[in-house]
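The values are calculated or read from the model by the stated rules, or taken from the named source; none is laboratory data. Note that the structure is predicted; figures quoted are calculated from it, not measured. Here the Cβ is made from the backbone with ideal geometry for all residues, glycine too, and neighbour counts use every protein chain on show. Please note that ligands, DNA and RNA were not included when accessible areas were found on the heavy atoms of the full protein model with its side chains. Shrake-Rupley method; radii C 1.70, N 1.55, O 1.52, S 1.80 Å.
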Amino acid sequence: MVRAGGIIKLAVVVLVFFFAVFLAFQLLEINVDFNLGNIFARNAPFEDGPTRPPRHKCGLSKPCPEGHFAFKMASGAASVVGPKICLEDNVLMSGVKNNVGRGINIALVNGKTGELIKTDFFDMWAGDVNVLLKFLNTIEEGTVVMMATFDDSATKLNAEARKLISDLGSSNINSLGFRDNWIFVGGKGIKTKSPFEQHIKNNAETNKYEGWPEVLEMEGCIPERQE
């Protein structure tokens, strides 16, 4: 009996020993996995949240190639919000700058450097078209001409003024009517019609605002003048 009891005790001790060893290995494995997980977590590259898309000049949807001026412009909204003209991330004309007004708003830019030459606006409802004619006739060769309408820009616009603007590359100036919206980029000495022009008619059935069509917006890249 004594021998049997001793064998049983020995067996129990052996089982306890092996069970303890088993638990020790289990705990060691968990601890090793945990530590390795921490190491890999620390060494893993940090992932930011959603990255912001890059901002381009004047808020363009994509950058302009080298040798081009980035521009973005908008016509006026009814008779409330004036037009806005931006070139190379510089706002040339806007209501905030307080240099826009009813009629045709014009910014003249050096075609080689992109530097602003002058801005002005011409009231074609109650103003004198001769003031506009004088301005158009003084534009020098190679000048980039940017135009945007606000409210009415056509009532006083005569055939001579339309011809001068057409010579700057406009395709739609001859059909510009009362309270139409129109935006245009051309140049003095241009040999072809400009690709940068938008025009929407004042139409009571389609107008976004009562008495005025919707705002026009346009962006693009103007080639620098080369000589």
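Total residues in the range 136-158 satisfying the condition of being more than 14 Å from VAL109 (Cβ to Cβ), open to solvent by 20 Å² or more (accessible area, probe 1.4 Å) and over 29 Å from the mean Cα position of the chain (by Cα): the figure is 5. Considering the range 91-103, and only residues there that are over 15 Å from VAL144 (Cα atoms) and in contact (Cβ under 8 Å) with a residue 24 or more places away in the chain, the residue that is most open to solvent (accessible area, probe 1.4 Å) turns out to be ARG102.
How many residues does the range 150-183 contain that are farther than 18 Å from GLY127 by Cα and in contact (Cβ under 8 Å) with a residue 40 or more places away in the chain? Summing the residues that are farther than 18 Å from GLY127 by Cα and in contact (Cβ under 8 Å) with a residue 40 or more places away in the chain in the range 150-183 gives 3. Applying the criterion of being crowded, with 17+ Cβ neighbours inside 10 Å and out of contact with any Leu (no Cβ under 8 Å at 6 or more places or on another chain) to the residues of the range 78-90, the residue that is farthest from ASN181 (Cα to Cα) is GLU88.
Tallying residues that are among the basic types (Lys, Arg) and open to solvent by less than 90 Å² (accessible area, probe 1.4 Å) within the range 204-227 yields 1. Against the definition (under 15 Å from LEU133 (Cβ atoms) and touching a helix residue (DSSP H, G or I) at 6+ places or on another chain (Cβ under 6 Å)), how does ASN174 come out, yes or no? Criteria not met by ASN174. Within the bounds of the range 140-151, is there any residue that is among the aromatic types (Phe, Trp, Tyr), assigned to a loop (DSSP other than H, G, I, E, B) and modelled with pLDDT of 95 or more? There is no residue in the range 140-151 that is among the aromatic types (Phe, Trp, Tyr), assigned to a loop (DSSP other than H, G, I, E, B) and modelled with pLDDT of 95 or more.
Cβ-Cβ contacts under 6 Å between residues 6 or more apart (or on different chains), taken from a first residue in the range 184-203 that is free of Cβ contacts under 8 Å to residues at least 60 places away in the same chain and open to solvent by less than 30 Å² (accessible area, probe 1.4 Å) to a second residue that is among the aliphatic types (A, V, I, L, M) and in a loop (DSSP other than H, G, I, E, B), are listed as GLY186/LEU168. Residues in the range 64-77 that are outside any strand (DSSP E or B), open to solvent by 10 Å² or more (accessible area, probe 1.4 Å) and in contact (Cβ under 8 Å) with a residue 60 or more places away in the chain: CYS64, PRO65, GLY67. Looking at the range 111-118, can you tell me whether even one residue there is farther than 25 Å from CYS58 by Cα and either basic (Lys, Arg) or open to solvent by less than 50 Å² (accessible area, probe 1.4 Å) (or both)? Scanning the range 111-118, I find no residue that is farther than 25 Å from CYS58 by Cα and either basic (Lys, Arg) or open to solvent by less than 50 Å² (accessible area, probe 1.4 Å) (or both), so the answer is no.
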